[in-house]
1. In the chain, what is the volume of the convex hull around the alpha carbon atoms, normalised per residue and reported in Å³?
2. Over segment 204-256, what is the mean sequence separation of C-alpha contacts under 8 Å (at least six apart), divided by residue count, expressed as relative contact order in percent?
3. I want to verify a result. In a Gaussian network model of the chain, Cα cutoff 10 Å, which of these has the top mean-square fluctuation: 250, 77, 104?
4. If I model a spin label at residue 135 and residue 163 as a point 7 Å from the Cα along the Cα→Cβ vector, what separation in nanometres do I get?
5. Measuring from label point to label point, each 7 Å out along Cα→Cβ, what is the residue 219 to residue 156 span in nm?
6. Which residues does a label at residue 185 reach in segment 100-132, if reach means a backbone N under 20 Å from a point 7 Å past the Cα toward the Cβ?
7. Could you sort the peptides 212-219, 166-173 by per-residue average Cβ neighbour count (10 Å cutoff), highest mean leading?
8. What is the distance, in nm, between label points placed 7 Å from the Cα along the Cα-to-Cβ direction at residue 117 and at residue 23?
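Read-outs: derived from the displayed coordinates by stated rules, not from any lab. Everything numeric in this text was worked out from a predicted model, so none of it was measured. Ideal geometry is used to build each Cβ from the backbone, glycine not excepted, and the neighbour counts take in all protein chains shown.
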């Protein structure tokens with residue numbers, strides 16, 4: 001289009017500015033991913049079984065032993081935010097395998113030749129991974145209410161929990177995408193995913209306070225984004241819950257982790273198609 005044609009074009013036809021185009025492209029990708037979930041929600045339902053067992057069995061058994069000092073919180077109240085974070089983690093960490101399937105089906109090449117930037121593609125997938133976790137969060141909330149966890153149900157707390165779940169899950173979904181770009185095969189991806197999930201979970205404050213950890217594990221926990229996700233959830237989700245770190249630091253670590261991982265994944269994403 002010539003400069004004269006652009007000048008004569010009505011203002012309503014103006015192309016979106018770059019940030020708006022980025023957000024529109026990212027949302028289009030996220031919406032496509034969420035549409036898959038509507039057609040087949042069984043994946044989330046099956047992945048919800050494990051965290052529910054942790055709450056119903058592990059939580060109630062450990063509550064009887066009273067091994068950990070939870071700062072006055074009943075152990076089920078202390079555990080529920082950790083299991084919510086675990087549920088989101090376990091779902092997000094295997095999100096990258098879908099990208100390998102897309103490559104095998106030829107969908108990835110269509111994404112790469114689209115006008116959308118690589119960053120928008122990756123951001124859209126990260127957003128989809130975060131929004132998917134809200135379904136499992138709702139399931140954890142229902143079970144927590146049934147077993148008597150003292151949840152905070154005011155709108156501000158619920159919105160805060162939703163934001164923490166979405167941002168944290170987006171970070172781990174993007175981490176999963178980075179792994180998929182590096183290993184490129186489903187078999188290797190599944191092996192690495194299984195190796196990473198439990199260390200990430202146990203090297204956090206999900207099921208025991210940081211104060212109960214040996215010194216070397218405390219260092220690992222402070223480097224683990226899941227620790228900050230659990231810490232924010234514990235402050236926002238349960239009555240009487242207090243954060244180990246400032247809430248602003250929790251959000252800052254999660255947002256920074258997500259941004260850095262999106263930047264890495266955007267550079268690696270085209271390599272998956274090679």
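1. Details: hull volume 42.4 nm³, N = 274.
With only Cα atoms used, the chain gives 155 Å³ per residue.
2. Numbers: 43 pairs, mean separation 17.0, N = 53.
Relative CO of segment 204-256 lands at 32 percent.
3. Largest GNM mean-square fluctuation: 104.
4. Placing both labels 7 Å beyond Cα along the Cβ direction yields 2.5 nm.
5. It is 3.9 nm.
6. From segment 100-132, the list is 100-106.
7. Details: 212-219: 11.9, 166-173: 29.0.
Those peptides, ordered most packed to least, come out 166-173, 212-219.
8. 1.4
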